[in-house]
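Comments concern the structure below.
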Amino acid sequence: MKEIQLQFNDFTVNAKLFDSHISEEIYKSLPVGIKLTRWGNEVYGPINLHIEETNLVADIPHGGIAYT
């Protein structure tokens with residue numbers, strides 16, 4: 001499991017990436033800047049990576065980070 005930091009203007013959130021092909025590709029692409037859009041309690045933003053999705057998960061836990 002790799003640890004990363006998400007920086008949002010004036011605050012930082014520590015996060016952990018699970019061991020997977022997708023998280024490895026994302027980790028290798030860091031650092032990356034993302035313009036986020038909010039929808040309800042969720043935020044979205046493009047990271048401009050095209051990674052084949054495997055082992056899809058239908059429900060992301062509260063506080064989780066997902067790639068689609």
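The values are calculated or read from the model by the stated rules, or taken from the named source; none is laboratory data. In this text the structure is predicted, and so the values were computed from the model without any measurement. All Cβ positions, glycine included, derive from the backbone under ideal geometry; neighbour counts span all protein chains shown. Areas reflect the complete protein model, heavy atoms only, side chains present, ligands, DNA and RNA absent. Shrake-Rupley method; radii C 1.70, N 1.55, O 1.52, S 1.80 Å.
Here are the numbers:
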read-out	value
Positions within segment 8-45 being surrounded by 11 or more Cβ atoms within 10 Å (Cβ to Cβ) and β-branched (V, I, T), in sequence order	V13, I22, I26, V32, I34, V43
In segment 8-38, the residues that are free of Cβ contacts under 8 Å to residues at least 40 places away in the same chain, among the β-branched types (V, I, T) and either touching a Leu at 6+ places or on another chain (Cβ under 7 Å) or in a strand (DSSP E or B) (or both)	T12, V13, T37
Residue pairs meeting the criteria (Cβ under 6 Å; at least 6 apart or on separate chains; first modelled with pLDDT of 90 or more, in segment 39-56; second open to solvent by 100 Å² or more (accessible area, probe 1.4 Å))	G45/K35
Index of the failed condition, Y67 passing every other in (1) over 17 Å from M1 (Cα atoms); (2) in a loop (DSSP other than H, G, I, E, B); (3) of a type outside the set (A, V, I, L, M, F, W, C)	(1)
Residues located in segment 46-56, provided they are open to solvent by less than 100 Å² (accessible area, probe 1.4 Å) and of a type in the set (A, V, I, L, M, F, W, C)	I47, L49, I51
Index of the failed condition, Q5 passing every other in (1) over 13 Å from A66 (Cβ atoms); (2) touching a strand residue (DSSP E or B) at 6+ places or on another chain (Cβ under 8 Å); (3) not in a strand (DSSP E or B)	(3)
